[in-house]
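Below is one structure; the comments refer to it alone.
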Amino acid sequence: MQTRNGSCHCGNITFEFDTPVTGILECNCSICHRKGALWHAVGNEQFRIVSGEASLTTYQFGTRTAKHFFCSQCGTSTFSNPRIAPHMWVVNLRCVDDIDLAALPRQQFDGRNWEEAARQLMTNRQAQRTP
């Protein structure tokens, strides 16, 4: 398993994770659309903040379930605990080293209609796990 490394723009926040990146989740909700985030889900046990944890700032809105982390120095949005699975992480692939984003398939997530999109995503993921 390859360890992937990422960071904010100024390099203050660094992180790593150990999951293969086989696709991108692109959300059109108000915050993801504005910051241009492209997401990859990572389990708690595969994700590590390497440096700069004290410089992380959190932004929450709406239901205040999701935690959107960003660097207090440069403002880069690096990763989040998403509303759909607050016990997990999603990393912003735009902050990850050596990833060819154009080569990865994108799955659209209709965050503007979050409830229905979340229900559909979970149904699809459950169907993929069932033989």
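The values are calculated or read from the model by the stated rules, or taken from the named source; none is laboratory data. From a predicted model like this one, the values you see are computed outputs, not experimental measurements. Virtual Cβ from ideal backbone geometry, glycine too; neighbours counted across all protein chains shown. Protein only, heavy atoms only, side chains kept; ligands, DNA and RNA dropped before computing areas. Shrake-Rupley method; radii C 1.70, N 1.55, O 1.52, S 1.80 Å.
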One finds the C-alpha centres of segment 22-89 and segment 98-127 to be spaced, in Å, by 15 Å
Relative contact order of the chain (C-alpha contacts under 8 Å, at least 6 apart) in percent is 28 percent
From highest to lowest solvent-accessible area (probe 1.4 Å; ligands, DNA and RNA excluded), MET122, MET88 read MET122, MET88
Taking a crude spin-label model, label points 7 Å out from Cα along the C-beta direction, the GLN73 to GLN60 distance in nm is 2.7 nm
Note: segment 66-126, point scatterers on Cα, Debye, no solvent; log10 I/I(0) at q = 0.14, 0.19, 0.27, 0.30 Å⁻¹ equals -0.52, -0.91, -1.21, -1.22
Rounded to the nearest 10 Å², the 1.4 Å probe accessible area of ASP100 is 100 Å²
The ³J(HN,Hα) series, computed from each phi in segment 23-37 with the Karplus coefficients 6.51, -1.76 and 1.60 at θ = phi - 60°, rounded to the nearest Hz and given as x for glycine or proline, is x, 10, 9, 10, 9, 9, 5, 4, 7, 5, 4, 5, 8, x, 5
Judged on accessible area alone, 1.4 Å probe, highest first, HIS87, HIS9 line up as HIS9, HIS87
Mean accessible area per residue over the chain (1.4 angstrom probe, all protein chains present, square angstrom) is 58 Å²
Along segment 46-54, Karplus-curve 3J(HN,Hα) (6.51, -1.76, 1.60; θ = phi - 60°) to the nearest Hz, with x for Gly and Pro, reads 9, 10, 9, 8, 8, 8, x, 4, 5
Mean separation of Cα contacts under 8 Å (at least 6 apart) over the residue count of segment 57-131, i.e. the relative contact order in percent, is 15 percent
Per the rule of 0.36 nm per residue minus the C-alpha distance, extending ASP18 to SER51 adds in nm 10.2 nm
Rounded to a whole %, the carbon-and-sulfur portion of the accessible area of the chain at a 1.4 Å probe is 48 percent
Read-out Kirkwood radius over Cα pairs in Å, candidates (1) 16.3; (2) 15.6; (3) 15.2; calculated match is (3)
